[in-house]
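The values are calculated or read from the model by the stated rules, or taken from the named source; none is laboratory data. Bear in mind that the values here come from a model prediction, so they are computed numbers and not experimental data. Cβ sites come from the backbone with ideal geometry, for glycine too, and all protein chains shown count toward neighbours.
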Amino acid sequence: MTRCVLVGGRPDVVLEQDGFHHPRSARSRKTAFTRYADLVHVSATDRAIWLASHRDVTVLPRKAFLNDRGPEQLLGALVDRLARLPSGPAQLARMALLDERGRRISRAVATRSLMFLCLAAFVLQIVDWLDVYMVGFFNYTLFVGGDWWRPVTGNLLHGFPLHLATNLIGLWLLGRLVERSLGGVRTICVMAASGLGAMLTCALLVSGDVVGVSGVVLGLAGAVLWVDIRLYEELPAWWRFPRFVRRFLVVALLADLSLGFVIPMVSGEAHLGGFVAGVLAAAVVAPRGSIGLVPSTRLRSAAAFVSALVLVSIGGAVIEIRGGDYVLRNADHLLEATEIPPQLLNNLAWMIAIDDHASREQLRGALRLAERAVSETEAGEPTLLDTLAEVQFQLGDEEMAIDTIDRAIALDPDEDYYREQRRRFTGERAADDRPPDPQMELFERDKPPLPPDTEGLQA
């Protein structure tokens, strides 16, 4: 029996004939037992010794050992025990391969590229919000009506700075994990499937406009879990999650998927579709035994096609904007369509109405959109009446705006927002002092350009 003494109240590591006792985690005072035959990877780094088995990963920091040479002594003892097993030489050979794999540095090119595109798109939104948002958000009716670029551009646009920041953080954290395991080519395929899955799910379940790359983020989360659960034998120990971390990730994902259907302005549909697509894509592009292998010609061709499609879609959207007054042309296009949801008409009318640079012709287009939305709902939705009143006010028809907002107040007399809007229209409140929408107070600091019906969703 060999013993490595640990400090800090941790149980010692005790090597016996068939296996060894060790702490369950770096800070745990409880003991676990692992058979030598179950070890997948053991390795010592500058800061810790990693013990990865079929069941879990245990990380013991160097400072946990009483003896400074403790980690090397433990590693040597484990290697000696493994070498005596019938399967030991094969296990040690696989561990040497994992050591080499873990030393490789991933530049995360695919992840960085997608982050750059999202940032560039947001800069364009700052420069010309109305045109860029209206040409790029995803809506199924507009997509099948000829706007073929929207499944791509809808993933790249974001509603406000906080929305962009949270998605970029998720992309950076999860994208790098996927890319170091699967490589850039497979990661591009996972991202493409996740983004498409998010938008297709929204096409089936959401009638309004959708923007944001969080469907891809959730798809990457699904891919991370797939790799960690199904391909753990091919991962260096420090690429794996300890069991308690994996459980936390699962709980966090379930919470995100659930809250997405509860919190206004968050598209749970996009999150769910992206997650499922990410898991399925990872299963297809990364079956067992594929980690570290050169991608097939088919996968490389698929990644090249996706990259080209993204660039062509961005180009198509740019061409549409440069073709003249896109906002007005898009409004006319919507008015000619027969199956446009009233909420979408309302959203776009609101965005035009609150844009400081909207022309009078664009405001007239917004008026037609708002009037149709109110007509199709038989003037029964106060939020839609509020949008119509806002457009009328921006066009200088204060009396009509007051009459319209009075109808909204009659439908929802307990909502102070509509009364504050009326005060604007009567001059009791400054014309540019628009009251905060109670459904969007959480995001008010970032001034999201969405109407009070919150049908515009952030993925």
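Overview of values
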read-out	value
Which numbered condition GLY396 fails, given (1) within 30 Å of VAL127 (Cβ to Cβ); (2) touching a residue at least 12 places away in the same chain (Cβ under 8 Å); (3) not aromatic (Phe, Trp, Tyr)	(2)
Filter pass, VAL250 being at pLDDT below 95 and either in a loop (DSSP other than H, G, I, E, B) or out of contact with any strand residue (DSSP E or B) (no Cβ under 9 Å at 6 or more places or on another chain) (or both)	yes
Those residues of the stretch 304-326 which are surrounded by 14 or more Cβ atoms within 10 Å (Cβ to Cβ) and either polar (S, T, N, Q) or under 12 Å from VAL135 (Cα atoms) (or both), in sequence order	SER307, SER313, ILE314, GLY316, ALA317, VAL318, GLU320, ILE321, ASP325, TYR326
Condition met for LEU450 (modelled with pLDDT under 95, closer than 29 Å to CYS118 by Cα and part of a loop (DSSP other than H, G, I, E, B))	yes
Residue in the stretch 357-369 that is of a type outside the set (Phe, Trp, Tyr), at pLDDT 90 or above and not in a helix (DSSP H, G or I) present	yes
Any hit, the stretch 1-11, residues being surrounded by fewer than 19 Cβ atoms within 10 Å (Cβ to Cβ) and closer than 26 Å to LEU97 by Cβ	no
Residue that is of a type outside the set (Gly, Ala, Ser), more than 28 Å from VAL127 (Cα to Cα), in a helix (DSSP H, G or I) and free of Cβ contacts under 8 Å to residues at least 12 places away in the same chain, where the choices are ARG419, ARG372, ARG407	ARG419
Among the candidates VAL227, VAL217, VAL210, VAL276, residue that is in contact with an Asp or Glu (Cβ under 9 Å, 6 or more places away or on another chain), modelled with pLDDT of 95 or more and among the aliphatic types (A, V, I, L, M)	VAL227
Cβ-Cβ under 7 Å pairs, at least 6 apart or on other chains, the stretch 198-223 side assigned by TED's automatic domain parsing to the domain that holds VAL178, far side surrounded by fewer than 24 Cβ atoms within 10 Å (Cβ to Cβ) and of a type in the set (Phe, Trp, Tyr)	ALA203/TYR140
Test for GLU390: is it closer than 21 Å to ASP437 by Cβ and in the same structural domain as THR338 (by TED's automatic domain parsing)	yes
Yes/no for LEU114 being buried (at least 21 other Cβ atoms within 10 Å of the Cβ), in the same structural domain as ARG243 (by TED's automatic domain parsing) and outside any loop (DSSP other than H, G, I, E, B)	yes
One residue from GLU339, GLU269 being under 22 Å from TYR133 (Cα atoms), in a loop (DSSP other than H, G, I, E, B) and touching a residue at least 24 places away in the same chain (Cβ under 8 Å)	GLU339
Only listed residue being surrounded by fewer than 20 Cβ atoms within 10 Å (Cβ to Cβ), of a type in the set (A, V, I, L, M) and assigned to a helix (DSSP H, G or I), chosen from LEU74, LEU78, LEU82	LEU82
Residue within the stretch 86-97 that is of a type in the set (D, E, K, R), modelled with pLDDT of 95 or more and over 30 Å from ALA165 (Cβ atoms) present	yes
Close pairs (6 angstrom Cβ cut-off, 6 or more residues apart or separate chains): touching a residue at least 24 places away in the same chain (Cβ under 8 Å) in the stretch 237-264, among the aromatic types (Phe, Trp, Tyr) and not in a helix (DSSP H, G or I) anywhere	ALA237/TRP50; TRP238/TRP50
